[in-house]
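Enquirer: Shown below is the structure under consideration.
The values are calculated or read from the model by the stated rules, or taken from the named source; none is laboratory data. Please read all numbers here as calculations on a predicted model, not as lab measurements. Neighbour counts are summed over all protein chains in view; Cβ atoms, including those assigned to glycine, are modelled from backbone coordinates with ideal geometry. These area figures cover heavy atoms from the full protein model, side chains too; ligands, DNA and RNA do not enter into them. Shrake-Rupley method; radii C 1.70, N 1.55, O 1.52, S 1.80 Å.
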Amino acid sequence: MLTFAEFRDSVRAAVPDFATYWLNGRQEAAVEAAPSPPVFIVAGPGTGKTTVLALRALKLILVDGFAPELVIATTFTRKAAAELRSRILSWGYATIQEVARQARQAGDHTHLAWLENLDINAVRTGTLDSIAEEMLGDDRRPGEITPAVVEGFMARGLLRRNVIYVGRRDQSEELTEHLCSFNPVFPGARRFAEKLGVCQGFAQRVMHDGIDLGAYAAGGVGHGMLVEIVRDYHGYLRDQHLVDFALLEADVLERLRAGRLTEGLGALLVDEFQDTNFLQEQIYYELCRRSGAALTVVGDDDQSVYRFRGATVEIFADFTDRIVEYLGPEWKPARYDLVENYRSSPRIVGLFNHFITVDRDYLASRVPDKQPCAAAAAWAQDPQRNIPVLGLFRPDVESLAEDLCGFLMDVFRGDGYRVQVAGGQTYTIQRALGGDFGDAVYLAWKVREYGSNKKERLPLLIRRRLRAEGVSVFNPRGRSLAAIPDVEVCLGVMLECIDPGARIQNSIRSIRRETAGVMRQWRESARLFVADDPPPGGLEQFVADWAARNPRHMQKWPAEWPLLELLFTVITWLPRFQEDPEGQVYLEAVARTIAQAAQIGIYSSSILHGTAYDQSSVREAIREVFEAIAEENADVNEDIMPYVPRSYFPLMTVHQAKGLEFPLVVVDVGSDFRKNLHAQARFRYPRDGDNTHFTEDHVADFTPVGPARLARSRQQRAFDDIRRLYYVAKSRAENVLVLTGLTSQLQLRNPVLSVATGDCVDGERRYRFVPAEHWSPDAPDDCIALI
């Protein structure tokens, strides 16, 4: 093994990035810390937590002697897990080679033999779900069947088909009224898709929160019906040897408590601990209790934005007390705060520091004695890069889109955008050499391009304005999958092929009227498209042959025709699915829906011919694939894109952008807020909690984590969540941060109140918005230059 000094020198010699730069004192202390007690790292944005976590994993192996196969590192997303693994492997292999070189030079054969037996690739990295799946697979005993994991869409399909439809539960008024108590914001859980979503969400929360179903069922008829649905759903999955992600984690905890799964763990490193739920916390603690593993947790309570998935930020904020209560005083952690921000300019760091601390009511929800971030000293070498935080506000969304896109065009296609401030000083914002629109991002709570009543929102206007300039936008979440024109045509053509004239579709009486209307629109779009005879030609004949099951170029029509094969034939006439990044995301979503439906259907998403079940196979395809997409139960996954051309301008939700950074960030703080409308209050300045907060209150008496959540009221939690969301958004920027919205938010009399623009619970505004020409370099952190 190495001393820490030898480890540090070897890493610096082996990894070029560390040759001239090494960790700051706080980072090095966190990496060097002994395996026990647990290490608790509170890491602000841009402070190098992934670097610290990767180096600590290597230090545990090379200095403390943990075998790589005994080290597990988990993080929140697959993308983050891949990045963490990449660093551990690349830095690990390079360091081992350097140490081996030194050992050969010194003739140290003992060290060489040790190094030859180290397999850094054996370190296990992933999300907790992926690690849990591996654990269950490795734990299989003779005669046991390892359950298969079903993802969101497939799980919804099983719940819908095999539980909620059974006994016409979906028609129950008692159940509907009860589900509305989870979803009190108008119109409540009235539509079937909303009922299904609430039922699925509650089934997950039962596991995530450890809800006592027996006690909950005693609350009334609706309570009892919902408990029956959850028990039947979990029972069905177990009977079929399936688990959803929540049930997967619950199975892991059950096996841990039974004394299984603890072999082969020496060190556990947990990233993004602030987004942990109660079930996951119990898994981590039980792993430690059973194995005595060296534990490192990393996170930032100010960046906890996944409450709607069951995350409980108090688990992180109260980590010291909670782990001691669970495991004993010897597990009291050593805390390390990472505060030096290497990402953002001093102006941006100053603004987001001010934003997260300015509301005194919020401070009570944070980790005790939280320290503010500080911009890295390197920024002082180039004051011209310390650009003021900008505000771009206009009276209406149309002029806002026009001027925002004009600003972006100046930066990325022109000679730059110049901001002249007091005293005649000018800051020039321009792309770096070789830079393009991919160096910027638009962030918003929602990036849907249409609002209620088909109202055009800022993301759509940005798309339209940039497209007129020859610039493409990447925003696959901008519209419902069912409403994408190319998707409409594709699905309509497929429907006309398998069910010409909607004869079978019209016979399915349980299809909702609105859903049937969506599918009619698809068919109409398809008819118009076919009539235009798109290249390479022959589509009209193809649809006619399919409708008649006419084997024009075959000896006979196949007895089974997979729906996936039909999909990939139809896109021959829809090149966008093959050439455009957004189109590829949409294609993957449709294909995944078909593939997952195949796993739960009788006919495996195939259309039969020449059997007694031909119509049944079509009916099943309509219900499990087309109806599911029409009711917006199919999700897009833009993470499948390994590369989006840098000439595209990305539009992202703040949740999508978490963990990312961009030279220029535009944060939409209120392009929808023209008035202080009650219906919009939950998105800007809550008068009460949102659906998630009502649900937390609803189940608080039945879960061990309830009291921790209820330490703050629904309204306080709603304010907390908005503040954390926009803190994440504002801390993504490296050089330029632009806040954008409507001037109604800035007016002196009766402004539209919004947490994002600096309004606090006490009603005071703590941001200062001044015209750029009045802004000066010595302005305070809360001063924003209007352009």
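Enquirer: For segment 598-653, calculate the relative contact order in percent as a whole number, restricting contacts to Cα pairs under 8 Å that are 6 or more residues apart. Let's see the in-between values first.
Expert: Working: 21 pairs, mean separation 11.6, N = 56.
Taking the mean separation of contacting Cα pairs over the length of segment 598-653, I get 21 percent.
Enquirer: Sticking with this one: With the Cα gyration tensor of segment 592-738 in hand, give its eigenvalues times 5 under a square root as the equivalent ellipsoid semi-axes, listed largest first in whole angstrom. Write out the running numbers ahead of the final one.
Expert: Details: eigenvalues 318, 138, 47 Å².
Square roots of five times the eigenvalues give 40, 26, 15 Å.
Enquirer: For the pair residue 604 and residue 191, how long in nm is the line joining their label points, each one 7 Å along Cα→Cβ?
Expert: 3.4 nm
Enquirer: Given charges of +1 on the Cβ of Lys and Arg and -1 on the Cβ of Asp and Glu, with all other atoms neutral, how large is the dipole of segment 667-787 about its Cα centre, in debye to the nearest 20? Numbers along the way, then the final one.
Expert: Numbers: 17 positive and 17 negative charges, 52 e Å.
Computed charge dipole of segment 667-787: roughly 260 debye.
Enquirer: Ok, one more. Using a basic spin-label model with each label point 7 Å from the Cα along Cα→Cβ, how many nm lie between residue 436 and residue 79?
Expert: Output for this residue pair reads 1.8 nm.
Enquirer: Now, a different point. Name the residues of segment 644-681 whose amide N is less than 18 Å from a point 7 angstrom out from the Cα of residue 749 along the C-beta direction?
Expert: Only 675-676 fall inside the zone, counting backbone N under 18 Å.
Enquirer: Of all accessible surface on the chain at a 1.4 Å probe, what whole percent is carbon and sulfur? Display every interim value, and only then the final one.
Expert: Working: 16030 of 32410 Å².
Here it works out to 49 percent.
Enquirer: Working out 0.36 nm times the residue gap between residue 640 and residue 174, then minus their Cα-Cα distance, what length gain in nm do you get to one decimal? Intermediate results must be reported in sequence, preceding the final value.
Expert: Details: separation 466, 0.36 × 466 = 167.76 nm, distance 4.12 nm.
Extending this stretch completely gives an extra 163.6 nm.
Enquirer: Using Cα pairs closer than 8 Å and at least 6 residues apart in sequence, work out the relative contact order for segment 350-484, in percent.
Expert: Values: 88 pairs, mean separation 21.9, N = 135.
Answer for segment 350-484 is 16 percent.
Enquirer: Cα-Cα over 19 Å: which of 195/658; 79/370; 455/730; 446/658; 49/79? Don't jump to the answer; show the numbers that get you there.
Expert: Numbers: 195/658 29 Å; 79/370 28 Å; 455/730 27 Å; 446/658 14 Å; 49/79 15 Å.
Checking Cα-Cα distances, 195/658; 79/370; 455/730 exceed 19 Å.
Enquirer: With N set to the residue count of segment 268-398, report its C-alpha Rg divided by 2.2 N^0.38 Å to two decimal places. Don't skip to the answer; put the middle values down first.
Expert: Numbers: Rg = 18.7 Å, N = 131, 2.2 N^0.38 = 14.0 Å.
This ratio for segment 268-398 stands at 1.33.
Enquirer: I need the peptides 773-779, 127-133, 577-583 ranked by packing, meaning the mean over residues of other C-beta atoms within 10 angstrom, with the highest value on top.
Expert: Values: 773-779: 15.3, 127-133: 20.6, 577-583: 17.9.
Descending mean neighbour count gives 127-133, 577-583, 773-779.
Enquirer: If each Cα of the chain is one equal point scatterer, what is log10 of I(q)/I(0) from the Debye formula at q = 0.06, 0.09, 0.10 Å⁻¹?
Expert: The computed values of log10 I(q)/I(0) come out as -0.43, -0.98, -1.21.
Enquirer: Would you mind putting 683-692, 663-672, 704-713, 156-165 in packing order, based on average other-beta-carbon counts within 10 Å, highest first? Each step should come with its number before you reach the end.
Expert: Values: 683-692: 18.9, 663-672: 24.2, 704-713: 16.5, 156-165: 20.8.
In descending order of packing, they fall as 663-672, 156-165, 683-692, 704-713.
Enquirer: Treating the beta-carbon of each Lys and Arg as +1 and of each Asp and Glu as -1, no other charges, what is the dipole magnitude of segment 358-475 about its Cα centre, to the nearest 20 debye?
Expert: Numbers: 17 positive and 15 negative charges, 80 e Å.
Result for segment 358-475 is approximately 380 debye, rounded to the nearest 20.
Enquirer: Give me the dipole magnitude in Debye, nearest 20, for the chain about the Cα centre, with unit charges on the beta carbon: positive for Lys and Arg, negative for Asp and Glu.
Expert: Numbers: 90 positive and 107 negative charges, 263 e Å.
Dipole magnitude for the chain comes out near 1260 debye.
Enquirer: Which length gain, in nm to one decimal place, applies between residue 106 and residue 145 when the Cα-Cα distance is subtracted from 0.36 nm times their residue separation? Could you put the intermediate results ahead of the total?
Expert: Values: separation 39, 0.36 × 39 = 14.04 nm, distance 5.24 nm.
Computed gain between residue 106 and residue 145 is 8.8 nm.
Enquirer: I've got another one for you. So how compact is segment 74-126: Cα radius of gyration and Dmax in angstrom?
Expert: Cα radius of gyration and Dmax of segment 74-126 are 13.9, 44 Å respectively.
Enquirer: Out of all DSSP beta bridges in the chain, what portion is antiparallel? Express it as a percent rounded to 5. Walk me through the numbers on the way to the answer.
Expert: Numbers: 9 of 61 bridges.
In the chain, approximately 15 percent of DSSP beta bridges are antiparallel ones.
Enquirer: With no solvent and one equal point scatterer placed on each C-alpha of segment 448-556, evaluate the Debye formula and give log10 I(q)/I(0) for q = 0.23 Å⁻¹, two decimals.
Expert: Summing over Cα pairs of segment 448-556 leads to -1.21.
Enquirer: Given the convex hull over the Cα atoms of segment 191-246, what projected area results after averaging over all orientations, in nm²? Mind dumping the intermediate values first?
Expert: Numbers: hull surface 16.5 nm².
The orientation-averaged projected area of the Cα hull of segment 191-246 comes to 4.1 nm².
Enquirer: For segment 356-447, with the dipole built from +1 on Lys and Arg beta-carbon atoms and -1 on Asp and Glu ones, taken about the Cα centre, which of 445, 365, 400 lies farthest toward the positive end?
Expert: Of the candidates, 365 comes out farthest on the positive side.
Enquirer: For the pair residue 513 and residue 309, what calculated FRET efficiency results from E = 1/(1 + (r/R0)^6), where r is the Cβ-Cβ distance and R0 = 22 Å, to the nearest 0.05?
Expert: Details: r = 32 Å, r/R0 = 1.45.
In this case the efficiency is close to 0.10.
Enquirer: Now a separate question. Could you please tell me the mean projected area of the C-alpha convex hull for segment 599-677, averaged over all directions and given in square nanometres to one decimal?
Expert: Taking a quarter of the hull surface, the average projection is 10.2 nm².
Enquirer: Run the helix sum for the chain: -39,500 (n - 2.57) per DSSP H stretch of 4+ residues, divided by residue count, reported at 222 nm to the nearest 500 deg cm²/dmol.
Expert: Details: 34 runs with 356 residues, N = 787.
Taking each H run of at least 4 residues, the total per residue is -13500 deg cm²/dmol.
Enquirer: Could you tell me which residue out of 145, 179, 38 lies farthest along the dipole of the chain toward its positive end? Charges go on the beta carbon: Lys and Arg +1, Asp and Glu -1, centred on the Cα centre.
Expert: 179
Enquirer: Moving to a separate point now. Among 633, 530, 583, which residue has its Cα positioned farthest towards the positive end of the charge dipole of segment 515-633, with +1 placed on the Cβ of Lys and Arg, -1 on the Cβ of Asp and Glu, and the dipole taken about the Cα centre?
Expert: 530
Enquirer: Quote the relative contact order of segment 259-408 in percent (integer), defining contacts as alpha-carbon pairs under 8 Å separated by 6+ residues. Provide the component values of the computation, followed by the final result.
Expert: Values: 151 pairs, mean separation 29.4, N = 150.
Dividing the mean separation by the residue count of segment 259-408 yields 20 percent.
Enquirer: On to the next question. Taking only protein heavy atoms and a 1.4 Å probe, what accessible area per residue, in Å², does the chain have with all protein chains in place? Show your work: numbers first, answer last.
Expert: On the way: 32410 Å² over 787 residues.
Spelled out: the 1.4 Å probe surface of the chain, per residue, equals 41 Å².
Enquirer: What fraction, in whole percent, of alpha-carbon pairs in segment 686-768 exceed 16 Å separation? It would help to have the intermediate numbers written out before the result.
Expert: On the way: 2080 of 3403 pairs.
Across segment 686-768, Cα pairs with separations above 16 Å total 61 percent.
Enquirer: Figure the gain on full extension for residue 134 and residue 540 (residue separation times 0.36 nm, minus the Cα-Cα span) and round it to one decimal in nm.
Expert: On the way: separation 406, 0.36 × 406 = 146.16 nm, distance 4.87 nm.
Extra length available between residue 134 and residue 540 comes to 141.3 nm.
Enquirer: May I ask you to derive the FRET efficiency for residue 321 and residue 371 from their Cβ-Cβ distance with R0 = 25 Å, giving the value to the nearest 0.05?
Expert: Values: r = 19 Å, r/R0 = 0.78.
The pair residue 321/residue 371 has a calculated efficiency of 0.80.
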